[in-house]
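Read-outs throughout are calculated quantities, based only on the coordinates presented, and are distinct from any laboratory measurement. Note that the structure is predicted; figures quoted are calculated from it, not measured. Heads up, the Cβs are rebuilt from the backbone with ideal geometry, glycines too, and the neighbour counts pull from every protein chain shown.
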Amino acid sequence: MSVLERDVVALGAGAARCDVVPQAGGAIAGYWWEEGARRIDWLRPARAADVARADAAAMACLPIVPWAGSIRGGSFRFADTEVDEGPDARDGHGWRRSWRVVARGAAELKLEYCHEGGAWPWPYRARETIALVDGVLRLTLVVINESDRLMPVGLGFCTALPSASQAALVATAQGPWRDSADGAACGRQASLSGADLARAAKDAGGGVFTGWDGRATVAWHNAGCELHLAADWPLLSFLDVRRSNGLALAAMSQCGDACNLARAGVAGTGLRVLAPGASRSATIRLAPRRYPH
């Protein structure tokens, strides 16, 4: 393990490598295998210029906390509290903040972000563990409610995939949520499953799918390899397929605009509430596989 410019932490275990930029929202800048002189990228690597700027939006993987997806109009009411996060409120603010390194080793890094209040009035603590185990990348996110009242919470991870035009996605879910113009979920469509999900996402340019079973495979048949994503289930039962800038998959515990939808009586939003001092954790595993020659 070494620390590079701009506080990039480089993890390694065997052939597996992972670069992390704590300043850029605790984001991962790259995850790859080194096989001799060959590098196999399993996530889309961030450009050096983006790493230098600590541009979290350009990274390979981001933590999602304390809400997932978009908030319609950037505001909602929870119990007796009005919250206004602004019109660009998406996937929480953990990825927009600098995280602190609390422990690191050759193949594992632990980060922490402390939110003290503000537009999101509930103080909370988020912890992220990034580890390489037998070539597999394992990510765990924990959020702790440090306020003295109930706090709504959503969490997850967003991953960006390389060679998106040649990537084949296979996953299973009950059905997609229809997105409104501002990107917030506003209702469910008919059920889809298996490869139909990938086709629906491609036709629509992306979408949020509910009832996801926590498993997805992205295959690059031309390169003879694939990446298996396994997420905590049933907590992470929403899959957001994003195609605005390549292919990205977000494993989430709730749909977008969950607080507003739940308040309006919509069922199945995935909205969860943390009591004071309580915590919630979520883990995903990214397991690569090379096809036999």
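Quick one: compute the contact order of segment 31-119, relative version, from alpha carbon pairs under 8 angstrom and 6+ residues apart, as a percent. Result for segment 31-119 is 18 percent. Once backbone amide H atoms are built at 1.01 Å from N, ASP257 has SER70, ILE71, ARG72, ALA185 as its partners under 5 Å, excluding neighbours fewer than 5 places away on the same chain.
Computed log10 I(q)/I(0) for segment 1-130 at 0.10, 0.14, 0.15 Å⁻¹: -0.37, -0.66, -0.73, from the Debye equation with unit scatterers placed on every C-alpha and solvent omitted.
Give me the percent of Cα-Cα pairs in segment 2-290 that sit more than 37 Å apart, rounded to a whole number. Tail of P(r) above 37 Å: 10 percent of Cα pairs. The phi-based Karplus calculation (6.51 cos²θ - 1.76 cosθ + 1.60; θ = phi - 60°) puts the 3J(HN,Hα) values of segment 27-43 at 7, 9, 8, x, 9, 8, 10, 10, 10, x, 8, 9, 10, 10, 7, 9, 10 Hz, whole numbers, x for Gly and Pro.
A dipole drawn for segment 2-290 from +1 and -1 charges on Cβ atoms has a positive end, and of GLY265, TYR31, MET151 the residue lying farthest that way is TYR31.
When each of the peptides 35-41, 127-133 is scored by the mean number of other C-beta atoms lying within 10 Å of its residues, the order from highest to lowest reads 127-133, 35-41. Residues PHE209, PHE238, arranged from fewest to most other Cβ atoms within 10 angstrom of their Cβ, appear as PHE209, PHE238.
Amide H contacts of GLY211: GLN174, each under 5 Å away and 5 or more positions distant or on a separate chain (H built 1.01 Å from N in the peptide plane; Pro and chain starts excluded).
If neighbour count is taken as other Cβ atoms inside 10 Å, put VAL218, VAL9, VAL101 in order from fewest to most.
On the way: VAL218 24, VAL9 20, VAL101 15.
In increasing order of surrounding Cβ atoms, one gets VAL101, VAL9, VAL218.
From helices alone, the chain scores -2000 deg cm²/dmol at 222 nm; the rule is -39500 (n - 2.57) for each run of n ≥ 4 DSSP H residues, then divide by the residue total. Each of ALA15 and ARG272 was given a label point 7 Å from its Cα along the Cα-to-Cβ line. The distance between the two points is 3.5 nm. Backbone phi angles across segment 73-79, fed through the Karplus curve with coefficients 6.51, -1.76 and 1.60 (θ = phi - 60°), yield HN-Hα couplings of x, x, 9, 7, 10, 10, 6 Hz in residue order; Gly and Pro are listed as x.
Residue order for ASP84, ASP213, fewest other beta carbons within 10 angstrom first, comes to ASP84, ASP213.
Modelled spin labels at ILE40 and ALA119, positioned 7 Å past Cα toward Cβ, are 4.2 nm from each other. The dipole here belongs to the chain: it is taken about the Cα centre, uses +1 on the Cβ of Lys and Arg and -1 on the Cβ of Asp and Glu, and is about 420 debye.
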